[in-house]
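Below you'll find the structure, written out as structure tokens, and then a few comments.
The values are calculated or read from the model by the stated rules, or taken from the named source; none is laboratory data. All values reported here derive from a predicted model rather than from experimental measurement. Counting neighbours? That spans all protein chains shown, and the Cβs are built from the backbone with ideal geometry, glycine included. The accessibility values were calculated without ligands, DNA or RNA, using every heavy atom of the protein model including side chains. Shrake-Rupley method; radii C 1.70, N 1.55, O 1.52, S 1.80 Å.
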Amino acid sequence: MFKHSKNLPFLSKNASLEFEIENDLLTLQGTPQESVGCVLRGSVILTVNNPLKVKSIWAKFVGKVRLNENDNITCREHIIVNRKLEILTRTQGFYTLKNDQYRYPFEIALDGSTPESTDLPYGRIEYRMIAVVERPGLHFDLKARRSIEIQRNSSSYYNDALMYSSETLGTWQDRFRYHISVSEPTLIINQRVPIVLDLTSLTDDLDIHKIRFYLIETTHYSGPEGSWDFRTQEYPLKSAKFDNFGNAMVGSENTRRLLPDLILPLDVYPTLNTEYIQVKHELCILFQMNDKRQGERIVLQKDLPVIVRSSEQLSLDISPPRYQTLPSYTDLPPPSYTYAPISA
């Protein structure tokens, strides 16, 4: 089991403080409205090599959202969750801990609406466990920190995907008919986009010159005071002349079927919908056509909203994590210590 500690070097001879976490990657199942939440389990481990004077011992689980200004220097910070655990309650005096290793197990239940961990250029949602051994007088406190990641089973986004139309069809000025369909509105990063285009020319004076495919990623940052920032990123997928797409005849002689080879880039961020950061995507198709009747080039654009997921999220849908059943941490005896007033 991976351990992480942050000890002050000049205290390491006397004591060390660290975390032991059952699983520092927690998974929420279902949408924020229907999820029952999850439990963070672990222990705070204090190793005492020489008798140690202590005023209190506590730990807390903290979640924060950081929203950066345009200069990427100034930021706004909001507390999402702050759960404190009193391990050894502070008094007017201090405790003297004997040489031993002290293990303080804990369980923290997290609500199903807890936002997923997120790291974007202008916003971040992060979680951390912090433990502190408070010492009396001029002694430095001992501290330990451990980052915790929270993810959500992305199969919950299927409900959103069902609301999206996976196809668009229509006729432009009775001269050009199109039928664009995506067999699966949920797209996977670094995998092929399952898109099919059936294009029909209804007149001889309109030709398709070029077709451009790209993905639009829109990120919306917001805080308790309202909307904060709005960012749009464009990811080129493919752009080529119509004849270079290797189209095939379908039905009538004027209908051509295109099966373009489109791959989602690795730097696309998965679709996200939290209270503070939302990431949405649209698959855009832009037609450049030569209008011989008007003697000009015209542009027609069609957009399809899609859900984007990573391959890791896909694996999570197939094989959700399993957690060991641990005994309850309630009614455990207190640590071995002696108590002395502050004047001692």
Could you state how much accessible area ILE150 has, in square angstrom rounded to the nearest 10, with a 1.4 Å probe and all protein chains kept in place? 10
Integer Hz, Karplus 6.51/-1.76/1.60 couplings in order for the range 194-210, x for Gly and Pro: x, 10, 10, 10, 10, 10, 10, 8, 9, 8, 8, 9, 9, 10, 7, 8, 8
Show which lysines lie in cross-link reach of LYS55 when reach means a straight Cα distance below 26 angstrom and same-chain residues fewer than eight apart are skipped. LYS3, LYS6, LYS13, LYS84, LYS98, LYS143
Just grab the label-to-label distance for ARG90 and GLN233, each label 7 Å out from Cα along the Cβ direction, in nm (one decimal). 4.3
Ordering ILE125, ILE130, ILE263 by the accessible surface of their heavy atoms, 1.4 Å probe, largest first, yields ILE263, ILE130, ILE125
So how much slack lies between ARG297 and ASP267, counting 0.36 nm per residue of separation and subtracting their Cα-Cα distance, in nm? 7.5 nm
For ARG177, what accessible area in Å² do you get when you roll a 1.4 Å probe over the heavy atoms of the protein chains, rounding to the nearest 10? 110
Order by protection proxy (mean Cβ within 10 Å, highest first), peptides 83-96, 293-306: 83-96, 293-306
Quick one: which residues, 5+ away or cross-chain, put their amide H under 5 Å from the amide H of GLY30? H built at 1.01 Å from N. ASN153, SER156
With the label point 7 Å along the Cα-to-beta-carbon line of LEU120 and a cut-off under 17 Å to each amide N, the hits in the range 265-295 are 267-283
What is the sum of charges around VAL44, taking Lys and Arg as +1, Asp and Glu as -1, for the other residues whose C-beta is under 9 Å from the C-beta of VAL44? -1
Under 22 Å Cα to Cα from LYS238, which lysines show up? Leave out anything in the same chain fewer than 8 places away. LYS210, LYS280, LYS302
Simple spin-label estimate for GLU107 and ARG212 in nanometres, 7 Å along Cα-Cβ: 5.7
